[in-house]
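*Asks:* This structure is in structure tokens; I'll ask about it shortly.
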Amino acid sequence: MSEWWTYRPSDFLLFSSRTYHRLFELYNADIWPLQILALVGGIAILALLHSRIAWRSRVITVILVCCWLWVAWAFHWQRYATINWAATYLAAAFAIEAVLLMWIGVVRDPFRVDSIRTTRVRWGIAIFCFALLVQPFLGLLLGRSWLGLEFFGVTPDPTAIATLGLLLTSHRMSWLAWPIPVLWCLISVTTLGVLLQTG
Amino acid sequence: MKHLPTSLSAFEQRRALLLALATQSAAPLLAPSAAVAQARPIITRPVPSSGIALPAVGLGSWITFNVGNDRGARDRCAEVMRNFFAAGGRLIDSSPMYGSAQEVIGYGLSKFDKIMGPVFAADKVWISSAARGPGQIETSRQHWNVPHFDLLQVHNLLSWQEHLPMLLAMKAASRVRYVGITTSEGRRHREFEQVMASQPLDFVQVTYNIVDREVEQRILPLALDRRIGVLINRPFRQGELIRTLNRHALPGWAVEIDCTNWAQFLLKFIVSHPAVTCAIPATSSVAHVLENMGAAYGRLPDEPMRRRMVAYVEKL
């Protein structure tokens, strides 16, 4: 792309805010009641983090991997790609993140919180709880309908943020799993910012 | 879907029917003055390379027609298209870059097959790989569900050195009527001019509106000189101009050029330039497409009036 410095984020916007929000409404209607299952999965992660069960880290990993694969396939590949051609690449990125999380979960056994006394772990749990329980309802403040809310495990934003929170709690930090959720958060913030700006 | 009228007279014969349809379908939504304007002949511009007349206002599809698989939204876009044709419009522009817009256009064309007018199908090739250009064009054609495109353009000059010979070969084989190139927001104008000067183009597509007037300096005069048709994108700066101007009253003298709203004011400024063939505002609103099409009727500003329009907007 020549003269790349002349491009603004709004130049890459392909859809209206109405279309973007409608995408979530139709998606939520299609997958209902999977949102409940994802919420149960998120609460299970929270409980497992504090448990003493030996295989807890692997169960958390499997739940997370399922969430990332689901979002890659059901959201990015099947829905978002209908209005954004770049979503096929996002689907691939989310699938790669699932593979990375699986590898880290199996090899490094990272998700074991033996103590919540450290600031980092506290922040991690707080971020995870925010993504699981608070973030979905922020949409209401931004004028979105109940049908268009975003939930952990089935939509990308809360899934990425919850994953970053979990990675913060990890007693063995693995930076490999950070870039994709961070990158997604940047893309999403930019998209929402441009949508707000352009109405 | 009717496609590619074989002559101007055929098009003119259909226009009376379309205007009757416009009156029937749009009357409740039109301001009285706009309805009166549509009783007059639609403003057309000849395609320089063929002489075929095109209505001076077309329909873009960037963002507005990219609604994915939302059936309700697709129906609303189809309704926009129906009203566009009923009001005398013909040229619809899209691109493989615009997400689902091509499919939505195809949906609209199929849905109202019996009542829509003859579409002038303008699309683009937008891919780095020269080898994959023909395949992309064929996919686009299938999305539109038309026998062939009227106009194919190299989108944003992407790989134009490779795509342009292919498009010109398609034109020679009567698989497309016209060939062109596009850019937007003033990018790569120097290279754009070079292609205009050296290649046998039928159309160019550039950004031009009452505040972005750089193309008046070189590109529009060059188009006149080379007898190249000009399509105008972003006439409202993606709605920004309308949003800004709607905070102000339309000047009283706008009535002298038969404008009843800012959209018509902005579009009449554009299509009154002698080099411009067609402006392609995009919208997903029936009310807005009817406002836009109102700009294709009535009086156009002359040069002193155009200067007055610019001065007025610059003061706001």
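The values are calculated or read from the model by the stated rules, or taken from the named source; none is laboratory data. In this text, all values refer to a predicted model and were calculated from it rather than measured experimentally. Note that we place each Cβ from the backbone using ideal geometry, even for glycine, and neighbour counts take in every protein chain shown.
*Asks:* Quick one: in region A:152-190, which of the residues that are hydrophobic (A, V, I, L, M, F, W, C) and part of a loop (DSSP other than H, G, I, E, B) is farthest from the chain's Cα centre (by Cα)?
*Replies:* A:M173
*Asks:* Right, next: What is the one condition in (1) surrounded by fewer than 21 Cβ atoms within 10 Å (Cβ to Cβ); (2) modelled with pLDDT under 95 that B:E138 does not satisfy?
*Replies:* (2)
*Asks:* Tell me, yes or no, whether region A:57-69 has at least one residue that is out of contact with any strand residue (DSSP E or B) (no Cβ under 6 Å at 6 or more places or on another chain), buried (at least 21 other Cβ atoms within 10 Å of the Cβ), touching a residue at least 12 places away in the same chain (Cβ under 8 Å) and under 17 Å from A:T191 (Cβ atoms).
*Replies:* Looking for residues that are out of contact with any strand residue (DSSP E or B) (no Cβ under 6 Å at 6 or more places or on another chain), buried (at least 21 other Cβ atoms within 10 Å of the Cβ), touching a residue at least 12 places away in the same chain (Cβ under 8 Å) and under 17 Å from A:T191 (Cβ atoms), one finds none in region A:57-69, hence no.
*Asks:* Among (1) over 17 Å from the mean Cα position of the chain (by Cα); (2) surrounded by 11 or more Cβ atoms within 10 Å (Cβ to Cβ); (3) within 18 Å of A:T159 (Cβ to Cβ); (4) of a type outside the set (A, V, I, L, M), where does A:P33 come up short?
*Replies:* (2)
*Asks:* What is the one condition in (1) farther than 30 Å from B:L300 by Cβ; (2) touching a residue at least 12 places away in the same chain (Cβ under 8 Å) that B:R71 does not satisfy?
*Replies:* The number of the failed condition is (2).
*Asks:* Kindly provide the set of residues from region B:193-218 that are closer than 30 Å to B:T244 by Cα and out of contact with any strand residue (DSSP E or B) (no Cβ under 6 Å at 6 or more places or on another chain), ordered by number.
*Replies:* Step one: list which residues in region B:193-218 are closer than 30 Å to B:T244 by Cα, which gives B:204-218.
Residues satisfying the conditions are B:V206, B:N209, B:I210, B:V211, B:D212, B:R213, B:E214, B:E216, B:Q217, B:R218.
*Asks:* Looking only at residues that are within 27 Å of A:A81 (Cβ to Cβ) and either of a type in the set (F, W, Y) or buried (at least 22 other Cβ atoms within 10 Å of the Cβ) (or both) in region B:120-132, which one is nearest to the other protein chains (Cβ to nearest Cβ)?
*Replies:* Across region B:120-132, the extreme among qualifying residues is B:W126.
*Asks:* Hey, can you tell me all the residues within region B:62-87 that are crowded, with 24+ Cβ neighbours inside 10 Å, assigned to a loop (DSSP other than H, G, I, E, B) and either over 18 Å from the mean Cα position of the chain (by Cα) or not aliphatic (A, V, I, L, M) (or both)?
*Replies:* Scanning region B:62-87 gives B:T64, B:F65, B:N66, B:V67.
*Asks:* Also: With the requirement that a residue be of a type in the set (S, T, N, Q) and in a loop (DSSP other than H, G, I, E, B), what does region B:37-61 give you?
*Replies:* B:S49, B:S50, B:S61
*Asks:* Only residues in region A:73-91 that are within 13 Å of chain B (Cβ to nearest Cβ) count as the first member; pair them with residues that are polar (S, T, N, Q) and surrounded by fewer than 22 Cβ atoms within 10 Å (Cβ to Cβ), Cβ under 6 angstrom, at least 6 apart or cross-chain, and list the lot.
*Replies:* Sorted first by the residue in region A:73-91, then by its partner, the pairs are A:A81/A:T88; A:T82/B:N69.
*Asks:* Here's a follow-up. Within region B:229-245, identify whether any single residue is assigned to a loop (DSSP other than H, G, I, E, B), surrounded by fewer than 16 Cβ atoms within 10 Å (Cβ to Cβ) and more than 13 Å from chain A (Cβ to nearest Cβ), and answer yes or no.
*Replies:* no
*Asks:* Report the residue count in region B:58-81 for those that are within 11 Å of another protein chain (Cβ to nearest Cβ) and touching a Cys at 6+ places or on another chain (Cβ under 6 Å).
*Replies:* Total satisfying the criteria: 1.
*Asks:* Evaluate the following for B:F192: is it within 24 Å of B:Q238 (Cα to Cα) and part of a helix (DSSP H, G or I)?
*Replies:* Criteria met by B:F192.
*Asks:* In the set A:L26, A:L48, A:L14, which member is modelled with pLDDT under 95, outside any loop (DSSP other than H, G, I, E, B) and either facing chain B (nearest Cβ under 9 Å) or surrounded by 12 or more Cβ atoms within 10 Å (Cβ to Cβ) (or both)?
*Replies:* Exactly one of A:L26, A:L48, A:L14 is modelled with pLDDT under 95, outside any loop (DSSP other than H, G, I, E, B) and either facing chain B (nearest Cβ under 9 Å) or surrounded by 12 or more Cβ atoms within 10 Å (Cβ to Cβ) (or both), namely A:L48.
*Asks:* Something else now. Scan region B:150-159 and give yes if some residue there is acidic (D, E), assigned to a helix (DSSP H, G or I) and in contact (Cβ under 8 Å) with a residue 24 or more places away in the chain, otherwise no.
*Replies:* No - not one qualifying residue is present in region B:150-159.
Matching residues to (1) at pLDDT 95 or above; (2) farther than 26 Å from A:L196 by Cβ; (3) in contact with a strand residue (DSSP E or B) (Cβ under 7 Å, 6 or more places away or on another chain); (4) within 14 Å of chain A (Cβ to nearest Cβ):
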| site | (1), (2), (3), (4) |
| --- | --- |
| B:P221 | yes, yes, no, no |
| B:V255 | yes, yes, no, no |
| B:T277 | yes, yes, yes, no |
| B:A282 | yes, no, yes, yes |
| B:S285 | yes, no, no, yes |
| B:E291 | yes, no, no, no |
| B:L300 | yes, yes, no, no |
| B:E303 | yes, yes, no, no |
| B:K315 | no, yes, no, no |
